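Colleague: Got a structure for you, questions after.
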């Protein structure tokens with residue numbers, strides 16, 4: 001991927017004035033690299049699911065939008081497609097569902113033909129939802145009038161501009177003071193509207209904060225909260241330039257060949273849980289960006305662990321892994337398969 | 001830090017613990033069971049990719065490797081759960097497959113010379129080295145690791161290694177083909193789509209449970225008449241998150257009413273038995289079976305009956321609706337005999353039996369009448385239909401189905417009745433009429449009770465009388481009940497005689513009749529009389545023969 005970052009030109013009302021704009025093949029190359037990185041990351045089930053993520057990405061950029069859009073705007077603070085771009089795909093799908101499925105697609109490349117082709121593709125695609133919460137019963141303790149659940153929330157965080165999955169293990173006491181947040185009908189568990197809203201409000205928060213907030217509810221007993229995110233994507237030119245990572249991302253000093261833009265996609269994971277022996281911070285991301293690492297403040301009785309996995313072009317792998325080691329936060333660094341797109 | 005297997009069992013005495021450890025290891029009869037156990041652990045750890053590799057290195061050393069991208073283990077998990085038998089993070093957890101905390105021990109049933117487990121979580125990385133007998137060391141690593149990788153090393157001859165690799169692939173494919181994550185053996189995926197290739201298959205899904213349910217496809221019979229599933233490809237498979245717990249021909253337990261279903265089911269509520277060779281038939285299993293039963297009644301059987309109705313309408317003479325597609329009606333009739341279909345009670349009012357000339361019939365309607373069947377519509381079935389008698393279209397499996405499910409015996413319409421179709425053969429109508437009158441006169445003179453003789457054809461489709469010279473009818477070209485109307489006249493047979501114009505003798509006589517009507521009539525009458533005599537008693541024989549003799553004498557040489 002070679003990035004041709006244009007001068008910030010706010011195209012959409014309310015968008016960040018410093019949004020990075022990629023045009024034409026640069027935008028498509030960026031999407032391809034993101035997809036390659038998702039493949040290479042070997043994400044487990046605690047991260048947002050990869051197939052719908054890839055499907056979602058495939059509708060971004062000029063190629064993904066069937067030429068309806070010429071550019072792709074990235075959020076300046078994390079290098080990922082802006083919230084407007086991501087949400088537009090979901091909105092377009094709604095439009096696609098309301099378009100006439102029997103309407104014949106005209107031949108050629110007229111705007112109408114392209115739009116219809118785009119709609120047809122969107123209509124059958126499984127995309128990442130804006131928010132989806134699934135609750136599974138883990139255990140029913142009838143004598144203790146308690147049931148234990150696993151809550152999995154896939155969420156698009158418009159503040160962090162990234163897809164997030166929270167995996168929460170908790171117990172709910174029946175008959176405790178306060179509203180029930182999970183309804184249990186035999187083995188089938190359903191989150192109440194209040195619980196959904198609460199989770200939605202916590203959707204930009206770190207695992208320890210979600211742990212503390214939920215545990216404060218009288219009916220809930222939280223055991224484990226894990227937050228796994230896709231991003232940020234660190235690109236050349238993104239601040240801060242003085243960070244330890246800057247030389248690796250600077251095309252002039254990067255080990256990547258001139259035809260290849262250096263970039264790093266991070267997959268941070270944090271977990272606040274009762275069953276850990278000690279807290280640990282193995283996430284090099286903040287230090288790589290020259291920022292102070294957040295304090296390890298876990299809710300009472302729990303421990304907090306942070307880690308991160310990085311994916312980047314092959315030439316960057318070794319120096320990046322070495323840099324993480326030097327910072328005292330060694331982490332998994334995976335190369336993308338094959339060559340990047342130009 | 002080196003520990004003994006006793007440590008795996010907690011604080012029990014070392015001698016007793018070592019013995020218990022050995023017993024536990026040997027409960028895994030299949031030395032390759034560890035492949036399934038490690039895959040199960042990987043699934044419970046949230047893996048989306050599990051890779052198994054079999055490699056044969058130098059000096060005959062074989063390495064079997066299972067690597068996943070799950071959450072891995074930190075020291076607390078290793079100490080509390082991996083290294084402690086009968087203790088599991090997953091006890092009673094419906095979102096996990098493993099329950100007993102003994103899966104990892106299965107690696108020792110393979111009798112490796114060395115086993116290495118490397119794992120990492122949240123910046124911690126660990127290597128555990130297990131020696132024969134379960135003694136182990138735990139080492140902290142500096143390099144970050146993700147997921148868990150287990151390697152077993154054992155010396156083996158190259159030919160044994162090839163067998164091991166093949167068996168390993170088979171074991172993994174059998175147990176893990178529907179797993180909810182990608183599983184590769186030596187780089188090749190072994191996953192199969194979770195679906196069912198069976199007639200009338202339907203998918204059912206609810207949180208935590210998904211299954212495909214259909215009916216067993218008819219196949220070749222093996223000859224075991226006592227087995228209701230003989231000749232059917234019945235298969236049931238139960239799994240938890242796609243990890244097979246049991247594959248069998250029928251649902252285990254007292255569920256004979258489900259014999260003949262095809263089912264692939266996965267449910268997080270299902271568990272395997274401690275010996276891993278069966279699904280635990282507990283309350284959760286019974287719930288799933290109840291769901292299957294409901295879905296069978298609500299969805300699969302109605303589709304079978306609807307399909308049969310449409311086929312019956314297509315094949316019935318009076319309807320001729322469009323053909324509904326596969327499977328055809330004949331296999332459906334076989335499937336209807338499956339115990340799970342409960343045909344007699346479920347299809348009482350379903351018009352699924354095609355008729356030759358009318359509308360499809362239900363079992364209820366069939367119970368009210370003598371059931372006749374024919375292979376096709378013909379003059380007999382049409383005459384029966386005119387009389388209001390339904391005739392089923394005879395199809396393979398129909399008799400067995402009606403006998404087995406409703407105790408109904410069917411009779412062949414073509415064997416029970418016959419008829420004739422008017423035809424003058426090669427003669428003109430007036431010539432035919434003259435011949436018939438002459439034959440009738442001669443036959444009467446010979447003592448036969450004949451009111452009329454007619455010319456016709458008996459070779460209609462499925463005719464049982466096509467080769468006969470004539471038949472007797474109460475009404476010419478009407479319906480004749482074989483063996484009743486069609487007896488010799490001296491026994492009370494009908495008195496209208498229809499000559500078969502297609503019969504060899506009759507055909508020659510018809511040709512002769514153009515030149516010599518008398519001789520033709522005489523020959524025909526003689527043949528009729530002789531046939532009657534052969535069919536009748538010895539008493540009837542004498543006048544008939546003397547008539548023939550006399551007739552010949554009258555005509556001279």
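Colleague: Being in contact with a helix residue (DSSP H, G or I) (Cβ under 8 Å, 6 or more places away or on another chain) and more than 9 Å from chain B (Cβ to nearest Cβ) is the filter; apply it to the range A:318-327 and report the residue that is farthest from residue A:275 (Cα to Cα). Walk me through it before giving the result.
Modeller: Of the range A:318-327, the ones in contact with a helix residue (DSSP H, G or I) (Cβ under 8 Å, 6 or more places away or on another chain) are A:319-320, A:323-324, A:327.
Of the ones still in play, those that are also more than 9 Å from chain B (Cβ to nearest Cβ) are A:319-320, A:323, A:327.
Working: A:319: 35, A:320: 32, A:323: 31, A:327: 28 Å.
The residue in question is A:319.
Colleague: Is it the case that residue B:282 is over 23 Å from residue B:192 (Cβ atoms) and exposed (fewer than 15 other Cβ atoms within 10 Å of the Cβ)? Give the steps one after another, and end with the answer.
Modeller: Values: over 23 Å from residue B:192 (Cβ atoms): yes; exposed (fewer than 15 other Cβ atoms within 10 Å of the Cβ): yes.
Yes: the conditions hold for residue B:282.
Colleague: Show me the strands (runs of 3 or more DSSP E) entirely contained within the range B:336-446 in which 3 or more residues are buried (at least 20 other Cβ atoms within 10 Å of the Cβ) and either touching a strand residue (DSSP E or B) at 6+ places or on another chain (Cβ under 8 Å) or not assigned by TED's automatic domain parsing to the domain that holds residue B:513 (or both). Can you show your working first?
Modeller: Numbers: elements: B:371-374, B:391-393, B:410-412.
In the range B:336-446, B:371-374, B:391-393 are the strands (runs of 3 or more DSSP E) which contain 3 or more residues that are buried (at least 20 other Cβ atoms within 10 Å of the Cβ) and either touching a strand residue (DSSP E or B) at 6+ places or on another chain (Cβ under 8 Å) or not assigned by TED's automatic domain parsing to the domain that holds residue B:513 (or both).
Colleague: Would you point out which residue out of A:219, A:189 is more than 28 Å from residue A:291 (Cβ to Cβ), without any contact (Cβ under 8 Å) to a residue 60 or more places away in the chain and within 14 Å of chain B (Cβ to nearest Cβ)? Show your work before the answer.
Modeller: Numbers: A:219 fails: within 14 Å of chain B (Cβ to nearest Cβ).
The match here is A:189.
Colleague: Turning to a different aspect of this structure: Here are some residues: A:278, A:271. Which one is within 18 Å of residue A:168 (Cβ to Cβ), touching a strand residue (DSSP E or B) at 6+ places or on another chain (Cβ under 9 Å) and within 14 Å of chain B (Cβ to nearest Cβ)?
Modeller: Numbers: A:278 fails: within 18 Å of residue A:168 (Cβ to Cβ).
Exactly one residue qualifies, and that residue is A:271.
Colleague: How many residues are at positive phi and within 14 Å of chain A (Cβ to nearest Cβ) if we restrict to the range B:198-223? First the steps, then the outcome.
Modeller: Of the residues in the range B:198-223, the ones at positive phi are B:200, B:208, B:223.
Cutting the leftovers down to within 14 Å of chain A (Cβ to nearest Cβ) gives us B:208.
So the answer is 1.
Colleague: Scanning for something closer than 23 Å to residue B:358 by Cα and buried (at least 20 other Cβ atoms within 10 Å of the Cβ), does the range B:236-256 turn up at least one residue?
Modeller: So in the range B:236-256, the residues closer than 23 Å to residue B:358 by Cα come out as none.
No, the range B:236-256 contains no residue that is closer than 23 Å to residue B:358 by Cα and buried (at least 20 other Cβ atoms within 10 Å of the Cβ).
Colleague: Within the range A:241-251, can one find any residue that is within 14 Å of chain B (Cβ to nearest Cβ) and surrounded by fewer than 22 Cβ atoms within 10 Å (Cβ to Cβ)?
Modeller: Here is the first cut: in the range A:241-251, the residues within 14 Å of chain B (Cβ to nearest Cβ) are none.
Among the residues of the range A:241-251, not one is within 14 Å of chain B (Cβ to nearest Cβ) and surrounded by fewer than 22 Cβ atoms within 10 Å (Cβ to Cβ), which makes the answer no.
Colleague: Hey, residue A:212 hits all of (1) surrounded by 17 or more Cβ atoms within 10 Å (Cβ to Cβ); (2) touching a helix residue (DSSP H, G or I) at 6+ places or on another chain (Cβ under 8 Å); (3) away from chain B (no Cβ under 14 Å) but one; which does it fall short on?
Modeller: Just one mismatch for residue A:212, condition (2).
Colleague: Since residue A:35 meets every condition but one in (1) within 14 Å of another protein chain (Cβ to nearest Cβ); (2) within 15 Å of the chain's Cα centre (by Cα); (3) free of Cβ contacts under 8 Å to residues at least 24 places away in the same chain, which condition does it not meet?
Modeller: (1)
Colleague: I would also like to ask the following. Would you mind telling me which numbered condition in (1) more than 19 Å from residue A:160 (Cβ to Cβ); (2) within 14 Å of another protein chain (Cβ to nearest Cβ) residue A:257 fails?
Modeller: Evaluating residue A:257 over (1) more than 19 Å from residue A:160 (Cβ to Cβ); (2) within 14 Å of another protein chain (Cβ to nearest Cβ) leaves (2) as the failure.
Colleague: Pick out the one residue from B:241, B:268 that is within 24 Å of residue B:170 (Cβ to Cβ), within 14 Å of another protein chain (Cβ to nearest Cβ) and at pLDDT below 85. Write out each step before concluding.
Modeller: Values: B:268 fails: within 24 Å of residue B:170 (Cβ to Cβ).
That would be B:241, the only listed residue that is within 24 Å of residue B:170 (Cβ to Cβ), within 14 Å of another protein chain (Cβ to nearest Cβ) and at pLDDT below 85.
Colleague: Here's something else I'd like to know. Name the residue that is modelled with the lowest pLDDT, counting only residues in the range B:125-156 that are assigned to a strand (DSSP E or B), away from chain A (no Cβ under 14 Å) and surrounded by 22 or more Cβ atoms within 10 Å (Cβ to Cβ).
Modeller: By that ranking, first place goes to B:130.
Colleague: So residue B:229 passes all but one of these: (1) more than 30 Å from residue A:47 (Cα to Cα); (2) surrounded by 16 or more Cβ atoms within 10 Å (Cβ to Cβ); (3) modelled with pLDDT under 95; (4) touching a strand residue (DSSP E or B) at 6+ places or on another chain (Cβ under 6 Å). Which condition number does it fail?
Modeller: (4)
Colleague: Quick test for you: out of B:456, B:492, B:483, pick the one residue that is in the same structural domain as residue B:529 (by TED's automatic domain parsing) and in contact (Cβ under 8 Å) with a residue 24 or more places away in the chain. Talk me through it step by step, then tell me what you get.
Modeller: Details: B:492 fails: in contact (Cβ under 8 Å) with a residue 24 or more places away in the chain; B:483 fails: in contact (Cβ under 8 Å) with a residue 24 or more places away in the chain.
Checking each option against the conditions leaves just B:456.
Colleague: When the range B:455-481 is examined, which residues are found to be in contact with a helix residue (DSSP H, G or I) (Cβ under 8 Å, 6 or more places away or on another chain), in a strand (DSSP E or B) and within 11 Å of residue B:421 (Cβ to Cβ)?
Modeller: B:455
Colleague: Confirm whether residue B:74 is modelled with pLDDT of 85 or more and either closer than 30 Å to residue A:152 by Cβ or within 14 Å of chain A (Cβ to nearest Cβ) (or both). Explain how you work it out, then say what you get.
Modeller: Details: modelled with pLDDT of 85 or more: yes; either closer than 30 Å to residue A:152 by Cβ or within 14 Å of chain A (Cβ to nearest Cβ) (or both): yes.
Judged against the criteria, residue B:74 is a match.
Colleague: Sticking with this structure for a sec: Can you name the number of the only condition in (1) in contact with a helix residue (DSSP H, G or I) (Cβ under 7 Å, 6 or more places away or on another chain); (2) assigned by TED's automatic domain parsing to the domain that holds residue B:119; (3) not in a helix (DSSP H, G or I) that residue B:184 fails?
Modeller: (1)
Colleague: So, one more: Which residues, counting only those in the range B:482-509, are in a helix (DSSP H, G or I) and farther than 16 Å from residue B:421 by Cβ?
Modeller: Once the filter is applied, which keeps residues that are in a helix (DSSP H, G or I) and farther than 16 Å from residue B:421 by Cβ, the range B:482-509 yields B:489, B:490, B:491, B:504, B:505, B:508, B:509.
Colleague: Exactly one of (1) within 14 Å of another protein chain (Cβ to nearest Cβ); (2) modelled with pLDDT under 90 is unmet by residue B:26. Its number?
Modeller: Condition (1) is where residue B:26 drops out.
Colleague: Which condition from (1) within 14 Å of chain A (Cβ to nearest Cβ); (2) under 27 Å from residue A:135 (Cβ atoms); (3) in contact with a strand residue (DSSP E or B) (Cβ under 7 Å, 6 or more places away or on another chain) is the one that residue B:194 breaks?
Modeller: (1)
Colleague: Checking residue A:287 against (1) outside any loop (DSSP other than H, G, I, E, B); (2) in contact (Cβ under 8 Å) with a residue 24 or more places away in the chain; (3) closer than 21 Å to residue A:40 by Cα, which single condition isn't satisfied?
Modeller: (3)
Colleague: Look through the range B:93-124, keep the residues that are part of a strand (DSSP E or B) and surrounded by fewer than 23 Cβ atoms within 10 Å (Cβ to Cβ), and return whichever of them is farthest from the other protein chains (Cβ to nearest Cβ). Spell out the reasoning first.
Modeller: At the first step, the residues of the range B:93-124 found to be part of a strand (DSSP E or B) are B:114-121, B:124.
With the extra rule that they be surrounded by fewer than 23 Cβ atoms within 10 Å (Cβ to Cβ), the set shrinks to B:114, B:116, B:118.
Numbers: B:114: 26, B:116: 19, B:118: 13 Å.
Once the filter is applied, the top-ranked residue is B:114.
Colleague: Could you tell me how many of the residues in the range A:293-317 are within 14 Å of chain B (Cβ to nearest Cβ) and touching a residue at least 24 places away in the same chain (Cβ under 8 Å)? Quick ask: steps written out before the conclusion?
Modeller: Narrowing the range A:293-317 to residues within 14 Å of chain B (Cβ to nearest Cβ): A:293, A:296, A:298, A:302-311, A:317.
Applying the additional criterion that residues be touching a residue at least 24 places away in the same chain (Cβ under 8 Å) yields A:298, A:302-311.
Matching residues across the range A:293-317 total 11.
Colleague: On the given criteria, is residue A:74 surrounded by 19 or more Cβ atoms within 10 Å (Cβ to Cβ) and out of contact with any strand residue (DSSP E or B) (no Cβ under 6 Å at 6 or more places or on another chain)? If you could, list the steps in order and put the result at the bottom.
Modeller: Numbers: surrounded by 19 or more Cβ atoms within 10 Å (Cβ to Cβ): yes; out of contact with any strand residue (DSSP E or B) (no Cβ under 6 Å at 6 or more places or on another chain): no.
Taking the combined requirement at face value, the residue does not satisfy it.
Colleague: Go through the residues of the range A:201-220 one by one and say whether even a single one is more than 20 Å from residue A:302 (Cα to Cα) and not in a loop (DSSP other than H, G, I, E, B).
Modeller: yes
The values are calculated or read from the model by the stated rules, or taken from the named source; none is laboratory data. Small disclaimer: the values here were computed from a predicted structure and weren't measured. Quick reminder, even Gly has a Cβ in these numbers, built from the backbone with ideal geometry, and neighbours come from all protein chains shown.
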